[in-house]
Structures are given as C-alpha cells and as structure tokens.
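Accompanying notes for the structure given below.
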Amino acid sequence: MRSDRAPGSGLRAPAVLAFALLGGAAPVLAQAPDFSGTWTLDAEKSKVIATAGLTGLISAGAPKTLHITQPANGSLVIESQINEAHVRIYKPGRETSTPAGQGGAVTMTTKWEGRALVSEGAMKAPNGDTTTVKEVVTLSGDGKVLTIAVNTAAAEKAASTLVYTRITNVGPCESWPTPCKRAPG
C-alpha cells in the first residue's frame, strides 16, 4: 500500500466513472422502450378524428398498419403501408420535417418525458395555414400495445387516441400494398 497518498484520493475518479457508466446511464436506457415492430390499428379501442391523425403517413386519420424501426442512434422511424414514400422520423432533442399533402409539411421537435416520446410542432398547409400538433407515443408495460395520442389546434381543437397492437406475422409479401415479386425459380 502506498503511503504517499491521502486516504481515498485514488478512488474518486474510478468511482465516479463507474457510477456514470453503470448507475448514471441506467435511467437513460430505461427511458427508451422498444417501439420497433409491426403494429395493427385496434379500431374499437381507438378514437380517430380525421384532422388529428399521423400527417404524412395517411391523408386523414390513422393508418391501419405501422412499421416502426428504432435505430441505435435513438431515432424512431414510423412508416405506413398507405404512403410508403413518406416516413415520420422522430429524433429526440432535434427537429424533423415530413412532407404532408401537396406542398405542406409537418415539423416536430421530439423529446423523452419518462417512457413517453413527445413531439411538438406544426403542420403547415400549402395555402399557408398552420396547425399546432402534439404527439405522445407510449408502450404498455408488456410491450404489446402502442398508443399514440395526437392533439391538433387550428380553428378548432381535435384529439385522437390511436391504439395499435403488435403483430408478428405480416403475411406473404404478395399480399402487401406494394407486393414483392418472386424471382423465377
């Protein structure tokens, strides 16, 4: 044992580093539930208002099916089978924009609030009208139910609660809205 150091002087940095790597990082990881997968709309449990939907993924209301990927960089990518050319990308701590309609766009800033992914911003229509939008994405404790609360406010306020259940079988690709083509065999 070295006697030229003050007692405990060499242990602070490793202890702080261990806390940051183990204890300090755990709450950040615990905040990010795994939203990835394929989800189907539960129409009976959902309240769908045409003007409070997932703009850019469908013209109004809610897509029947969502495909969600969650890359390691913390982003959330939501796609639908209706408008395959457009995706909604949520990047916590950053602003993103998605085309909506003929020349419109929805621009959102996303953050984590506990285990909920909260996005707030505005949808700007081609005619210049602006609608404020707030979306809150949550996952049930068992990971089987995805809920997206959408609130909009323009001339009138509107709110939808979109409830989706996780599915594991998406059927043969020939049955998809944009079917695959099997190579001759």
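The values are calculated or read from the model by the stated rules, or taken from the named source; none is laboratory data. Small disclaimer: the values here were computed from a predicted structure and weren't measured. Positions of Cβ are backbone-derived with ideal geometry, glycine not excepted, and every protein chain shown enters the neighbour counts.
Taking into account only those residues within the stretch 134-151 that are of a type in the set (Val, Ile, Thr) and either within 13 Å of ALA62 (Cα to Cα) or in contact with a helix residue (DSSP H, G or I) (Cβ under 8 Å, 6 or more places away or on another chain) (or both), which is surrounded by the fewest Cβ atoms within 10 Å (Cβ to Cβ)? Looking at residues that are of a type in the set (Val, Ile, Thr) and either within 13 Å of ALA62 (Cα to Cα) or in contact with a helix residue (DSSP H, G or I) (Cβ under 8 Å, 6 or more places away or on another chain) (or both), I get THR147.
Across the stretch 152-175, which residue is surrounded by the most Cβ atoms within 10 Å (Cβ to Cβ) among those that are of a type in the set (Ser, Thr, Tyr) and touching a strand residue (DSSP E or B) at 6+ places or on another chain (Cβ under 7 Å)? Only one residue tops the list, namely TYR164.
Per-residue answers, yes or no, for (1) surrounded by 15 or more Cβ atoms within 10 Å (Cβ to Cβ); (2) in a strand (DSSP E or B):
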{"position": "PRO33", "(1), (2)": "yes, no"}
{"position": "ILE68", "(1), (2)": "yes, yes"}
{"position": "ALA105", "(1), (2)": "yes, yes"}
{"position": "PRO126", "(1), (2)": "no, no"}
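ALA159 meets the stated requirement of being at pLDDT 90 or above, out of contact with any Asp or Glu (no Cβ under 7 Å at 6 or more places or on another chain) and farther than 23 Å from SER36 by Cβ. Scanning the stretch 150-178 for residues that are closer than 18 Å to THR40 by Cβ, touching a residue at least 12 places away in the same chain (Cβ under 8 Å) and outside any loop (DSSP other than H, G, I, E, B) yields VAL150, SER160, THR161, LEU162, VAL163, TYR164, THR165, ARG166, ILE167.
Only one of the listed residues (THR131, THR147, THR96) is over 13 Å from the mean Cα position of the chain (by Cα) and among the polar types (S, T, N, Q). That residue is THR131.
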